[in-house]
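These notes are about the structure you will find just below.
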Amino acid sequence: MSNANGEHYTERLAESGCSAAVEHTIGMINMLLQHYGAGTTLARKLSASMEALQLEVGCLGSPFGENYDDLHLLATACWTKSLWERLHYYKFRVHLTFPRSNYLVHVMFLLFASFRDAGYAGQLLQDLNRCRLYLKLFFLSDIATACGRFINVSLISRPTQPHKSVSLFVFPNERPSISAWRLWLEFWTSFSGPGWSLRTPLGSWEHPSHRRWDWFYDARDDLLIRPCEDGGAVAYSISGKGHRLRSRQEYHHSHKLDSIPKNCLTANVLSLPGGSVLRREIGPPLAIPKPVTRSFWAHLRSLGGMDVGAHL
């Protein structure tokens, strides 16, 4: 539509008592409701855009339910953000079956909520959020040690960016400034207690974590286990050598494993010269993922070309 035609359309709407902006917003809502969850290419793009927005602003459920004025600086400009802005401005509400993040612990904290509750807003909140996205963090449990009682200090003072496989989520790329990292250190220094302890320790896992742990501890065989990219693992056994005050916690490369034993716990280690590691915090058992309940039609499709009657 040319600019002249657009102006003419706007004038006609005004003459009829309608607002072009409101009509445009209603059109966007209709597009969302028509295509969201329909299984089409456009539907998948809408879902991906909403999930990316969810990660950027750090919320649990649909980002459309969050306060746009508080969080819009954290989001990348896109069609979904534009719709969010219009919904907020006109006080419209859209109710969708949107997946909530179930990667929670017993005592759950969203990192962005911790920043906001501490009084950060505007550019400062944006800087803290850039550091969070860079490190692929979502919950307080992501930056806590395995035991849930301390802050993982390796993620505080301008750490290196973790590998993309550290999370099941796909985080946007961010490059925090030096001043943002100073603010990041300032926040966690004030947030934590003595010795980088959490003032409110985290509880047991109730849902699976989106984080992929680098180390596990097998208490039955007293082994530290490091997962490998090929699906196997490397075991580290206790060493009888070394400093007598820490020899009970120092482990050396021992042997390979086909997989990680099911009874393992999450762990934190400290790498030592020579390839050995020092066992540090041990966490509670991770939650076991629940089987995904598929729809009736998805179950039928999974049967392929086989006789459906044979499974009844």
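Please treat every number below as a calculation from the coordinates, not as lab data. Computed from a predicted model, the values in this text were never measured in an experiment. Backbone-built Cβ (ideal geometry, glycine too); neighbour counts: all protein chains shown.
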Note to self: Using Cα-Cα distances under 8 Å and only pairs 6 or more residues apart, what relative contact order does region 111-194 have, in percent?
What the structure shows: 38
Check: How far apart, in nm, are the 7 Å Cα→Cβ label points at Glu174 and Ala21?
Finding: 3.0
Next item on the list: Determine the relative contact order of region 216-282: mean sequence separation of Cα pairs under 8 Å and six or more apart, normalised by residue count, in whole percent.
Entry: 31
Check: In region 111-196, if every C-alpha pair distance is counted and binned at 10 Å from zero, what percent goes to each bin?
Finding: 17, 54, 27, 1
Item checked: Calculated FRET value between Thr189 and Ala121, using beta carbons and R₀ = 22 Å, to 0.05 -> 0.70
Note to self: Using a 7 Å offset from Cα along Cα-Cβ at Val153, what residues in region 190-205 end up with backbone N under 20 Å from the label point?
What the structure shows: 190-202
Note to self: Could you tell me what a quarter of the Cα convex hull surface of region 216-282 works out to, in nm² with one decimal place?
What the structure shows: 4.5
